[in-house]
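Trainee: One structure is given below, represented as structure tokens, and several questions about it will come after.
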Amino acid sequence: MFGVYIGYFICFETLWRCQTPGKKYVKIRVIREDGRNVGIQQSILRSLLRPIDDILCLGFLFILFSAQEKRLGDWVAGTILIQEGQTVTKQKIEISPAATDIANRIIETGKIAALTPDQFATVRKYLYRYPALAPAARKSVSDKLANQLLQRIELADIPPTIDAHLMIEAIYLAYQQQFRE
């Protein structure tokens, strides 16, 4: 019974777009804190801690008393639940004019070609979702993602005069410019 209970969540979350049938019905899904889809490791960690969350009501307490509303399994696995929205195909990404100058400098000094298409897709998803994020989440997610991207393209840390979100916009533009030519 334990294997079936745990296996249900592992199978669906790894093979069915990070959703169980119940999550699909209520339009939520599990993702990693950096915006990528969960892998088998994250799903196993979440599922193995689910009985502790359920039986001892720790999950409820963690959700109730933490700012990020994550249960114990999410804390350990580094995952979050997100609300699925409408498709964003018609939505336009708003890029600030200041990002253009920074993008040109990134092309000259960084290794923008080191970004994979999956990483670029993560940047695009972030930029689509950024307006809907809560202010605290904006700062946290922007800082994490910007630092990961800067490491990938082998640039130094974000200068104190440049906001992390602006840096992500610039990397987005630099990637587009690099591969448009």
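The values are calculated or read from the model by the stated rules, or taken from the named source; none is laboratory data. A quick note: this is a predicted structure, and the numbers were derived from the prediction, not measured. All Cβ positions, glycine included, derive from the backbone under ideal geometry; neighbour counts span all protein chains shown.
Trainee: Counting only residues that are hydrophobic (A, V, I, L, M, F, W, C) and under 11 Å from Ser43 (Cα atoms), which one in the range 6-27 is farthest from the chain's Cα centre (by Cα)? Full working, then the answer.
Mentor: If we filter the range 6-27 for residues that are hydrophobic (A, V, I, L, M, F, W, C), which is where we start, we get 6, 9-12, 15-16, 18, 26.
In the following step, the residues that additionally are under 11 Å from Ser43 (Cα atoms) were identified as 6, 9-12, 15, 18.
Working: Ile6: 24, Phe9: 20, Ile10: 19, Cys11: 21, Phe12: 19, Leu15: 18, Cys18: 13 Å.
Only one residue tops the list, namely Ile6.
Trainee: Here are Ala146, Ala103, Ala99: which of them is of a type in the set (Gly, Ala, Ser), free of Cβ contacts under 8 Å to residues at least 40 places away in the same chain, more than 27 Å from Thr20 (Cβ to Cβ) and surrounded by 13 or more Cβ atoms within 10 Å (Cβ to Cβ)? Walk me through it before giving the result.
Mentor: Details: Ala103 fails: free of Cβ contacts under 8 Å to residues at least 40 places away in the same chain; Ala99 fails: free of Cβ contacts under 8 Å to residues at least 40 places away in the same chain.
Testing whether each residue is of a type in the set (Gly, Ala, Ser), free of Cβ contacts under 8 Å to residues at least 40 places away in the same chain, more than 27 Å from Thr20 (Cβ to Cβ) and surrounded by 13 or more Cβ atoms within 10 Å (Cβ to Cβ) leaves just Ala146.
For every residue, the table says whether it meets (1) buried (at least 16 other Cβ atoms within 10 Å of the Cβ); (2) modelled with pLDDT under 85.
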site: Cys11; (1), (2): no, no
site: Leu15; (1), (2): no, no
site: Ser43; (1), (2): yes, no
site: Asp53; (1), (2): yes, yes
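Trainee: State whether the residues of the range 56-67 include one that is among the polar types (S, T, N, Q), out of contact with any His (no Cβ under 7 Å at 6 or more places or on another chain) and part of a loop (DSSP other than H, G, I, E, B).
Mentor: Just the residues of the range 56-67 that are among the polar types (S, T, N, Q), to begin with: 66.
Add one more test, that the residue is out of contact with any His (no Cβ under 7 Å at 6 or more places or on another chain), and what stays is 66.
Of the ones still in play, those that are also part of a loop (DSSP other than H, G, I, E, B) are 66.
Checking the range 56-67: at least one residue is among the polar types (S, T, N, Q), out of contact with any His (no Cβ under 7 Å at 6 or more places or on another chain) and part of a loop (DSSP other than H, G, I, E, B).
Trainee: Another question about this same structure. Going through Arg50, Arg17 one at a time, which residue ends up being among the charged types (D, E, K, R) and at positive phi? Steps first, please.
Mentor: Details: Arg50 fails: at positive phi.
On inspection, the qualifying residue turns out to be Arg17.
Trainee: If you don't mind, another one. What's the number of the condition Ser66 fails, among (1) more than 23 Å from Phe2 (Cα to Cα); (2) crowded, with 16+ Cβ neighbours inside 10 Å; (3) without any contact (Cβ under 8 Å) to a residue 60 or more places away in the chain?
Mentor: With (1) more than 23 Å from Phe2 (Cα to Cα); (2) crowded, with 16+ Cβ neighbours inside 10 Å; (3) without any contact (Cβ under 8 Å) to a residue 60 or more places away in the chain applied to Ser66, the lone miss is (2).
Trainee: Moving on to the next point. So which residues in the range 147-181 are of a type in the set (A, V, I, L, M, F, W, C) and under 24 Å from Gln83 (Cβ atoms), if there are any at all?
Mentor: Taking the range 147-181 as the starting set, the residues that turn out to be of a type in the set (A, V, I, L, M, F, W, C) are 149-150, 153, 155-156, 158, 162, 164, 166-168, 170-171, 173-174, 179.
Answer for the range 147-181, where residues must be of a type in the set (A, V, I, L, M, F, W, C) and under 24 Å from Gln83 (Cβ atoms): Ala164, Ile168.
Trainee: To continue, here is another question. Name the single residue, out of those in the range 119-143 being buried (at least 17 other Cβ atoms within 10 Å of the Cβ) and among the hydrophobic types (A, V, I, L, M, F, W, C), that is modelled with the lowest pLDDT.
Mentor: Once the filter is applied, the top-ranked residue is Phe120.
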